[in-house]
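Encoded as structure tokens, the structure appears first; notes follow it.
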Amino acid sequence: MDTAGGTVRRSRATRRWIVAAVCLAAGSLALAACGSSSSGSSGGSTSGKVGVSLILKTLSNPYFVSMEKDAKTEAAKDNVNLTVAAGKEDGDTQTQISAIDNAISRGDKGILITENGNAVNTELAKARQAGLYVIALDTVPTPPSTVDITYGTDNEAAGKLIGQYAAAKLNGGKAVIAMLDLFNNQVVSVDIQRDHGFLEGMGIDPGSTSLNGKEAKTGKYTGGKGGDYVIACHQPTTGAIPGGKTAMENCLSANPNINVVYTINEPAADGAHQALQAAGKNKVMIVTIDGSCNYVNGLLKDGTIAADSAQYPGKMASIGVKTLASIARGGAKPTLPAGKDFINTGTALITANPVPGIDSQTPEKAASACWGS
């Protein structure tokens, strides 16, 4: 019995030595596999999955729901274990901070985030120090170096598209312009970029690189055939239908001759349209930005909104998931284009009433890539 027991012990010891040698030869990845396979870490185990966290502003907005949907689709393709978290409302940074901490604790390989505010920056720095690759979606953080890279839309270019369209559509006529922005009590990059882009597309100098409302209130626009312009108002909308309606009412009180309305987004455009209808103003050109299915197939298709610049939030998220999966498996990290602090995921002008010389797509065409419902 002793001899047999000694043989068994030697046999077991030999097997343990072989397993250890194989693990050592295979390197650190194999060592992890040779450890406990019961670990719940989503950062990667014997399953080969890559752990990624998608942290959104909120899930009450179809824009971010589209990100979640396409990120999940891409995660299934790329063998990614995707954990989704979101703020309870726009501006909820505490929930996002907790989600970042959880990603670090799980051993995730990367984070995709649409920031609710700079309060998350310290936590993102901790994540990067812990080895997670951090990608911002939609909006470049302040400062841009808060994250490893950003995938988003060139909001200034999106604004230029609708400004160029409006100028061409005016055909040299006088422009009496209402500017329905996001805020008037805080500076937000998307607000500045879209507002300034529209003015630049019209051929009007914004008058500042960092603030809205600094353009000359009267003068000549040089877009299209050129002509006279008046800026009738700048009003905040908070990007919502009620805000757009109130803002438009205020603008009409200031100048009832408004014939061009720029809005920060589609809900603000919807609210502006309601106010214009109530005031019996049926020939006012409304231009806006976003490209959601709800408006592409509705107010844009019937011409109520004259032109819209489409964005592709789902594309941002799916590219982000693919990037993190690749990096986690040894792929190259993306690099920024020269002179840019983000990677542009594209925009396109949509209109049911195209004008010569301005590239655009129909609402029917845009519906194949729209987001939300």
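The values are calculated or read from the model by the stated rules, or taken from the named source; none is laboratory data. Note that the structure is predicted; figures quoted are calculated from it, not measured. Counting neighbours? That spans all protein chains shown, and the Cβs are built from the backbone with ideal geometry, glycine included. When the accessible area is computed, the model is the full protein with side chains, heavy atoms only, and any ligands, DNA or RNA have been set aside. Shrake-Rupley method; radii C 1.70, N 1.55, O 1.52, S 1.80 Å.
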Requested in this report: Give the residue, chosen from 254, 328, 272, that is small (Gly, Ala, Ser), in contact (Cβ under 8 Å) with a residue 24 or more places away in the chain and open to solvent by 20 Å² or more (accessible area, probe 1.4 Å).
Outcome: 328
Report task. Scan the range 107-132 for residues that are surrounded by 21 or more Cβ atoms within 10 Å (Cβ to Cβ) and not charged (D, E, K, R) and report the count. Result -> 10
Report task. Kindly list the number of the only condition in (1) in contact (Cβ under 8 Å) with a residue 60 or more places away in the chain; (2) under 23 Å from residue 187 (Cβ atoms); (3) touching a Cys at 6+ places or on another chain (Cβ under 7 Å); (4) not hydrophobic (A, V, I, L, M, F, W, C) that fails for residue 235. Result -> (1)
Requested in this report: Assess whether residue 319 counts as being open to solvent by 20 Å² or more (accessible area, probe 1.4 Å), within 28 Å of residue 348 (Cβ to Cβ) and not in a strand (DSSP E or B).
Outcome: yes
Query raised in the report: What single numbered condition from (1) open to solvent by 50 Å² or more (accessible area, probe 1.4 Å); (2) touching a Pro at 6+ places or on another chain (Cβ under 9 Å); (3) among the polar types (S, T, N, Q) fails to hold for residue 277?
Result: (2)
Report summary line: Scanning the range 337-352 residue by residue, the ones that are closer than 17 Å to residue 302 by Cβ and in contact (Cβ under 8 Å) with a residue 60 or more places away in the chain total 1
Query raised in the report: residue 118 passes all but one of (1) more than 30 Å from residue 286 (Cβ to Cβ); (2) in contact with a strand residue (DSSP E or B) (Cβ under 7 Å, 6 or more places away or on another chain); (3) free of Cβ contacts under 8 Å to residues at least 60 places away in the same chain; which number fails?
Result: (2)
Report summary line: Here the residues within the range 125-172 that are under 20 Å from residue 314 (Cα atoms) and among the hydroxyl-bearing types (Ser, Thr, Tyr) are 133, 139, 150, 151, 153
Report summary line: Checked the range 142-152 for anything assigned to a loop (DSSP other than H, G, I, E, B) and open to solvent by 10 Å² or more (accessible area, probe 1.4 Å); matches are 142, 143, 148
Report task. Considering every residue within the range 329-351, establish whether at least one is within 30 Å of residue 253 (Cβ to Cβ) and part of a loop (DSSP other than H, G, I, E, B). Result -> yes
Query - Residue selected from the range 85-106 under the condition outside any helix (DSSP H, G or I) and either at pLDDT 95 or above or in contact with a helix residue (DSSP H, G or I) (Cβ under 7 Å, 6 or more places away or on another chain) (or both), by the criterion most open to solvent (accessible area, probe 1.4 Å) - result: 88
